[in-house]
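The values are calculated or read from the model by the stated rules, or taken from the named source; none is laboratory data. A quick note: this is a predicted structure, and the numbers were derived from the prediction, not measured. Cβ atoms come from the backbone with ideal geometry, glycine included; neighbour counts cover every protein chain shown.
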Amino acid sequence: FTMHIRCTLLLTSVFLLFSRADAYFGYGVVRCLFTSKDDVVYLAQLYFNKVLQGQYNSTLGKYVGYTEKMKEIADELNKNQRFLEQEKKNEQKCRTNVPLVFDVLSRPVEPTVKLRLAESPESEHPGMLMCSAYNFYPKQIKLTWLRDGKEATSNVTSTDELPNGNWLYQIHSYLEIIPKPGENISCMVEHASLMEPKFYDWGKTILETDSKYQRPES
């Protein structure tokens, strides 16, 4: 299982500096970057007006400055054993938490799927079906519309996988329709959390409750 993840674990400080005409903004960020449980880099970075001024890099084991002033400060920090020891402790915290993150992210989360009818008043089609998958992980997923068991490719639109902001995603697929008597329309969902594709039948979920599109009784 391989991934490339960039995690911002902690915003350490935020401060504003003012001059007569302008406001200057500086902030510090601690980052834990990793591509595997063993490949971990701890960074403590200082920005000023969105420009990186200097950082402690665990790979180098020291603070590095990128401006003349920060180079002077970096030299002083690198002579401070208490500072270096504290940064090494922070690096160890980073390494301790990485396996926990991998454990969470290595578990697929099954999507919650909802199939519903959306009106399409501006279209020549009388209705639009919407198949939505919520709260799934990993990001890769496939939604396929089937009409009487055959893939529908026309009048189909879909969103990209949209991040929820909590490692989970959602996606929505739309099918413009002119219902036909006896036709079976389904949304097929394929995802890493599923042993096999799951089918959601529009006829069972919508037609039985929406009189506008109910199938005629035989």
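Here are the numbers for this structure:
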| quantity | calculated |
| --- | --- |
| Test: residue in region 91-101 that is without any contact (Cβ under 8 Å) to a residue 60 or more places away in the chain, in contact with a helix residue (DSSP H, G or I) (Cβ under 8 Å, 6 or more places away or on another chain) and not polar (S, T, N, Q) | no |
| First in region 54-72 and among the basic types (Lys, Arg), second anywhere and outside any strand (DSSP E or B), Cβ under 6 Å, 6 or more apart | LYS62/ASN78 |
| Boolean, ASN97 is in a strand (DSSP E or B) and surrounded by fewer than 17 Cβ atoms within 10 Å (Cβ to Cβ) | no |
| Single condition LYS212 does not satisfy, out of (1) outside any loop (DSSP other than H, G, I, E, B); (2) at pLDDT 80 or above | (2) |
| The lone exception for GLY54 - which of (1) surrounded by 12 or more Cβ atoms within 10 Å (Cβ to Cβ); (2) outside any strand (DSSP E or B) it fails | (2) |
| So LEU46, is it touching a residue at least 12 places away in the same chain (Cβ under 8 Å), outside any helix (DSSP H, G or I) and in contact with a helix residue (DSSP H, G or I) (Cβ under 8 Å, 6 or more places away or on another chain) | yes |
| Any chance VAL113 is within 26 Å of the chain's Cα centre (by Cα) and modelled with pLDDT of 95 or more | yes |
